[in-house]
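Read through the structure below, which is laid out as structure tokens, and then see the notes.
The values are calculated or read from the model by the stated rules, or taken from the named source; none is laboratory data. In this text, all values refer to a predicted model and were calculated from it rather than measured experimentally. Virtual Cβ from ideal backbone geometry, glycine too; neighbours counted across all protein chains shown. We work out accessible area using only protein heavy atoms, side chains counted, and drop any ligands, DNA or RNA first. Shrake-Rupley method; radii C 1.70, N 1.55, O 1.52, S 1.80 Å.
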Amino acid sequence: MDVYEAVTSRRAVRGFTDQPVPREVLERVLSAAAWAPSGSNIQPWHVYVLTGEPLAELKKRAGERLAAGDPWDEAEYVQYPPALKSPYSERRSAFGEQRYGALGVAREDLEARQRAVSGNWQCFGAPAALFCYIDRDLGPAQWSDVGMYLQTVMLLLRAEGLHSCPQMAWAKFRESVAEIVSPPEELMLFCGMSIGYEDVTENAGRTGRAPLDETVRFIDGY
């Protein structure tokens, strides 16, 4: 698979089979992803990978919290501004319509929407999950570095025939994750990432992208 194919075939998959992901594949991907760029090469990512019983225990605890109606953990960072302006608000709304439309969930069916959202905390059935932390003392530039690292991981997973789903949703259950991975106090959970082989029987709508002239300006010197 070339780079273009990896980029265009990567998407947030929300339905995985239970086929195990070999440990050597995960090690190969993460070893190569370490070459992702970061300012002054500080490599600000801290990663925990869960499979097998530890991941099953996390899913169990998350499921119990959902069933009990426990509140989400206090946010440690802002995922979206409270007043998301145009064109970002329209793009977010379009994503929601396409996502739930693919599932056949009506806008007013809040219960069905909540069931769909709850799949996040079961990793959509994936047999492997990655949890990415960043040091609390670091700033926006280092968060950007983490984003480049995670994108590199996702593209390498595609090269291995795997899919993924990055999930800020896990920050809402960060205390449950911490019970399993025991991160140092100075680290903050940014996101999880479900990893596995796609369940092709799932209804998999794909979100579109803005046209090039909406996001890119060429200032030609030719």
Out of the residues in the range 53-87 that are closer than 24 Å to Met188 by Cβ and hydroxyl-bearing (Ser, Thr, Tyr), state the one that is least open to solvent (accessible area, probe 1.4 Å).
Tyr77
Residues in the range 54-76 that are closer than 19 Å to Met193 by Cβ and either free of Cβ contacts under 8 Å to residues at least 40 places away in the same chain or touching a strand residue (DSSP E or B) at 6+ places or on another chain (Cβ under 7 Å) (or both): how many?
4
Check the range 174-188 and report whether any residue there is modelled with pLDDT of 95 or more, under 25 Å from Gly96 (Cα atoms) and either in contact with a strand residue (DSSP E or B) (Cβ under 6 Å, 6 or more places away or on another chain) or open to solvent by less than 30 Å² (accessible area, probe 1.4 Å) (or both).
yes
The range 1-38 - residue that is surrounded by 14 or more Cβ atoms within 10 Å (Cβ to Cβ) and assigned to a helix (DSSP H, G or I) and, of those, modelled with the lowest pLDDT:
Ala6
Is one or more of the residues making up the range 202-214 buried (at least 19 other Cβ atoms within 10 Å of the Cβ) and within 21 Å of Leu55 (Cβ to Cβ)?
no
Just to be sure I understand the filter: pairs with C-beta atoms under 7 Å, separated by 6 or more residues or on different chains, first member in the range 6-19 and farther than 26 Å from Glu53 by Cβ, second member modelled with pLDDT of 95 or more and charged (D, E, K, R). Which pairs pass?
Ala6/Arg158; Ser9/Arg158; Arg10/Arg158
